[in-house]
Each structure stands twice: as structure tokens, then as C-alpha cells.
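*Asks:* Please find one structure pasted underneath; my questions will follow.
The values are calculated or read from the model by the stated rules, or taken from the named source; none is laboratory data. All values derive from a computational prediction rather than experimental measurement. Cβ placement follows ideal geometry from the backbone for every residue including glycine, while neighbour counts extend to all protein chains displayed. Accessible surface areas use protein heavy atoms only, side chains included; no ligands, DNA or RNA. Shrake-Rupley method; radii C 1.70, N 1.55, O 1.52, S 1.80 Å.
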Amino acid sequence: MSEAEAFGQSLIDDFPEFIAAYDFLAEVREEVGKLTEAQEVLQRAAMISPNNSTRQRMVGDVAARNQDLPTAEKAYGKVLQRRRNSSLRDIDDYTNLSRVMLDRGHTAAARLVTEELRRDWRGNQQGEFAVLVMESLCANQEGEPAKARQAVEKALVLHEALKNEGRSGTVSEKLALDLAHACLVTGDEENARDIIRKIAAENHEDRTMIAQVQSIYAKTGKEAEGQALLAQVGREIVELNNRGVLAARRGDVEGSVRLLMEAAERVPNLQFLVNATKAIFTLLERKGWDPSLARRGIRFLQLAQARDMRNARVISARDLYHRVARKYGVAVVPFTASGMFRSKGGF
């Protein structure tokens, strides 16, 4: 047992009602590949707090990753039941349940959940998009390839419209992967590849997300194609990062900042966002405060925080920003609990 795992277990032993300790221990165990043990810990926490929908969703997520589909279906079902008529309801509550039902071969039940999604989110573009994606997957499993293809074509059009309106970020990555899956099973490998390439690039350090990408290719019998795509994305990321790092080593700090900002704009994953943030504030520390450049650095830091507020690299980047801002007497922009910044000016 690792030191972190032992610490988490001791917290639970000493404070069995401290729910955050269960989350910590589950995260540690999943990080080292102990999915079954992580699921068990989250299920214990869910028993302590049975009416907490967020916790039930966590159980569903880890059970799905663990291929314990009955438990995932039960947990996701509880989430949907409790959130259905509340302000906390979410499109993913429907698609999570429908996806697991499809994986279990419960196609008729998955279609019923999709019809419920259609009713509850009528008139909402994201809801209509989700319905089309899940309808395509249902039709494919029902042996209706023409209907599956028609639905995914409509979904792609709506996805493009959301992107053009600047609202593609409102579509969860899980649902975007469902769209890629629907593209793959209907023979549209080009669109599937484009969607997955973007998700893989932005989450290349997230083993959970990469595992979901691999799962999609495995379901469609295209494991080799999936591995090749992920390897290619990995090489491109290394190349992008190395350009900026090499420029910094040559002493070209401004060139390094330019290249790392370009990388973060093209692929806003955690690594690039943190690297660009640190490069910007290192330059500002040496050359003096530049409000325009500082705003870009803060935006990259905000995006990094939104991805993983507790990550050590994100914390290090934030500390650098604070230090440089204090050096020049600039007010530090405070964070909300969600990791976003509250606007106070002062740039």
C-alpha cells in the first residue's frame, strides 16, 4: 500500500463520516489502477450519503470504467430519478444511463431514456443534439444502419452549429465521444477521427479519457486504428511542446512565450496551459508588467484551473502569477470556488 493510500485509509478509519476522505482514497486507488477498490470506497461513501446525486454519479462513472455495468446502471438510474425535475438536472444524466444500457444490450430501455431526454429537453439545442447521438447508437444496435446514419448526420450538423455559436464547450466530452462512436459505427471515420483527435490532445494526460477513447475503438473492432491515432496525437504534442522548450533553452524567452501560447491555443490541455502561463509570467518578471500579455496568462491559468484546480503544476503556475503581480504592485485577481476568476479589473 502506498503512503497516500495508507493516509486515506487512516482518515476513513479515524473519521468514518468524513466523506472527502473516501473521495481522496478512491482517487488514489484509481490512479494506481485499483479500479475495483476505488469503486468499493465510493460505494461506501454513497451509503453514508445516499441522497447525494453527485456521489451516485461518481459511483456510476467508476463502475462504468470498471465494466461493472449493472452497478453503473443502478447508480446512473438513481441520479436521473433524483435530478429529473430539479434545477440540477443535466443532459449527461440521461446519456450516461442510456450508454450503459446499450453496453448491456438493453436497447429498448436505452431508447426509452432517449425519448425521455427528448421530452425533457425539447427546444434545447444541446438536448436535441444528445437525442440525435443516442438515437444513432440505438438504431445501429437495432440493426437499422440507414436510420443510424441519418441521425448522426443531423447530429453533426447541429454540433457544427453549436461550434459556430461558440457553444461547443457546452457539450460534454463524454457526449462528444458518443458522437465519435456513432460516426465510427456508421462508417464516417473521418469525422470520428477529427473529434477524437481533439479530445485526445486536450486530455492526453488523462488516463480515464484515453481509456474511453480506446474503448470506443475496441467496441467497433478498430483497436489498431485507435492506438495509431493516439500515438500520432502524442507525437504531435511532444513536438509542439519541444519547440517552445528548446527556444527557452536557447535563451529566446520571447520566442518561447510565443510558441507556447500558440501551443496552448491550438491544444488547450493542462500541460500546454501551465507551460504558457509560466512562460508568460517568467517573461513579465524579467521585462516588466504588460497588461495585455498578463491577461492572456491569466486566461490560460483560468483554463488550467478549470481542468484541475488541485494539480501541483497549476498551483505552481498560480503562485508564480501571484509573485509577479505583487512585484509590480498589481492587484491579484481572486478565484471563486470553481477555479474561475472574479473580475475586478486591475490589469
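*Asks:* Of the residues 296, 313, which is crowded, with 16+ Cβ neighbours inside 10 Å, part of a helix (DSSP H, G or I), modelled with pLDDT of 95 or more and of a type in the set (Lys, Arg)?
*Replies:* Working: 313 fails: modelled with pLDDT of 95 or more.
It is 296.
*Asks:* Go over the candidates 184, 112 one by one and state the one that is open to solvent by less than 60 Å² (accessible area, probe 1.4 Å), free of Cβ contacts under 8 Å to residues at least 40 places away in the same chain, assigned to a helix (DSSP H, G or I) and not charged (D, E, K, R). Show your work before the answer.
*Replies:* On the way: 112 fails: open to solvent by less than 60 Å² (accessible area, probe 1.4 Å).
Step by step, each of 184, 112 is checked, and only 184 is open to solvent by less than 60 Å² (accessible area, probe 1.4 Å), free of Cβ contacts under 8 Å to residues at least 40 places away in the same chain, assigned to a helix (DSSP H, G or I) and not charged (D, E, K, R).
*Asks:* Could you tell me which numbered condition residue 211 fails, if it satisfies all but one of (1) under 30 Å from residue 239 (Cα atoms); (2) surrounded by 17 or more Cβ atoms within 10 Å (Cβ to Cβ); (3) of a type in the set (A, V, I, L, M, F, W, C)?
*Replies:* Unmet condition: (2).
*Asks:* Every residue in region 118-128 that is over 22 Å from the mean Cα position of the chain (by Cα) and either in a helix (DSSP H, G or I) or among the hydrophobic types (A, V, I, L, M, F, W, C) (or both), please.
*Replies:* Matches in region 118-128: 118, 119, 120, 121.
*Asks:* I would also like to ask the following. Looking at region 117-141, which of the residues that are modelled with pLDDT under 95 and more than 24 Å from residue 60 (Cα to Cα) is most open to solvent (accessible area, probe 1.4 Å)?
*Replies:* Residue satisfying both the conditions and the ranking: 122.
*Asks:* Scan region 142-152 for residues that are surrounded by fewer than 17 Cβ atoms within 10 Å (Cβ to Cβ) and part of a helix (DSSP H, G or I) and jot them down.
*Replies:* Taking region 142-152 as the starting set, the residues that turn out to be surrounded by fewer than 17 Cβ atoms within 10 Å (Cβ to Cβ) are 142-147, 150.
Result: 145, 146, 147, 150.
*Asks:* Let me ask something additional. Given the options 39, 56, name the one that is surrounded by 19 or more Cβ atoms within 10 Å (Cβ to Cβ) and in contact with a Lys or Arg (Cβ under 7 Å, 6 or more places away or on another chain). If you could, list the steps in order and put the result at the bottom.
*Replies:* Details: 39 fails: in contact with a Lys or Arg (Cβ under 7 Å, 6 or more places away or on another chain).
Sole residue among the options that is surrounded by 19 or more Cβ atoms within 10 Å (Cβ to Cβ) and in contact with a Lys or Arg (Cβ under 7 Å, 6 or more places away or on another chain): 56.
*Asks:* Closer than 24 Å to residue 61 by Cα, open to solvent by less than 50 Å² (accessible area, probe 1.4 Å) and among the charged types (D, E, K, R), is that true of residue 206?
*Replies:* Working: closer than 24 Å to residue 61 by Cα: yes; open to solvent by less than 50 Å² (accessible area, probe 1.4 Å): no; among the charged types (D, E, K, R): yes.
It is false that residue 206 is closer than 24 Å to residue 61 by Cα, open to solvent by less than 50 Å² (accessible area, probe 1.4 Å) and among the charged types (D, E, K, R).
*Asks:* Can you tell me how many residues in region 72-109 are crowded, with 23+ Cβ neighbours inside 10 Å, under 21 Å from residue 47 (Cβ atoms) and among the small types (Gly, Ala, Ser)?
*Replies:* Residues that pass the stated criteria total 2.
*Asks:* Which pairs do you get when a residue that is farther than 13 Å from residue 243 by Cα, found in region 254-268, comes within reach of a residue that is open to solvent by 40 Å² or more (accessible area, probe 1.4 Å), reach meaning Cβ atoms under 7 angstrom, with the pair 6+ apart or on two chains?
*Replies:* 268/303
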